[in-house]
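Have a look at the structure below, then the notes.
The values are calculated or read from the model by the stated rules, or taken from the named source; none is laboratory data. Predicted, not measured: the structure shown is a model, and the values here were computed from it. Using ideal geometry, Cβ is built from the backbone for each residue, glycine included, and neighbour counts are taken over all protein chains shown.
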Amino acid sequence: MKPRLIILSDIGGFTNCDWIEEYVQHFTKSFEVQLYDCCELSGIDIIGQTVEIIHHQFISTGIEKAVNRLLELEKGFIHVLAFSIGGTIAWKANLLGLKVNMLIAISSTRLRFENEKPASDIQLIYGDNDLNKPSNDWFEKLNINAEIVENASHDFYKESKLIPSIVTRFI
């Protein structure tokens, strides 16, 4: 039986999200893959909403709702690949008992507000041009080594040329 890998979306969810298919194609050879749309996990309706409104909904109640829903859905050990807000959801769920072997969070800028590190194997990846990535002090305080991708913005994980290098961390 293949190990389970869950993939958590960014703030936009998986609607009109062609880039996620490339990740899934790479992973299905080695993992049983489960996609979780963070907007659906949190109960946020993104249709007709601005990014600012969606972001506010995640901050006010959405992250907590998504964490609780994820804890209900996942009972066994899993690997997690999470993008942006999905990384924050996975991190918080891991702290509350989600059984995570490895968590790779990409562009999860809200982690800069976290003060406790889960016990799982954690890899964080950020674009060097992402102004909201955690500070070097934060990485040192939590004893985390992050990978910084040169000349990359917040959404670099959507670029087809970079996907294989992200996938190799699991395979």
(message) Checking residue 27 against (1) modelled with pLDDT of 95 or more; (2) touching a strand residue (DSSP E or B) at 6+ places or on another chain (Cβ under 7 Å): exactly one of these is not met. Which one?
(response) (1)
(message) Please go through the stretch 126-148 and give me each residue that is assigned to a loop (DSSP other than H, G, I, E, B) and either touching a residue at least 24 places away in the same chain (Cβ under 8 Å) or surrounded by 15 or more Cβ atoms within 10 Å (Cβ to Cβ) (or both), ordered by number.
(response) 128, 129, 130, 133, 134, 142, 143, 144
(request) List the number of the failed condition for residue 102; all other conditions in (1) within 14 Å of the chain's Cα centre (by Cα); (2) surrounded by 19 or more Cβ atoms within 10 Å (Cβ to Cβ) hold. (result) (2)
(message) Can you tell me which residue is nearest to the chain's Cα centre (by Cα) among those in the stretch 66-99 that are among the basic types (Lys, Arg) and buried (at least 18 other Cβ atoms within 10 Å of the Cβ)?
(response) 92
(message) Of everything in the stretch 151-167, what is farther than 12 Å from residue 125 by Cβ and assigned to a loop (DSSP other than H, G, I, E, B)? Give them in sequence order.
(response) 151, 153, 155, 159, 160, 161
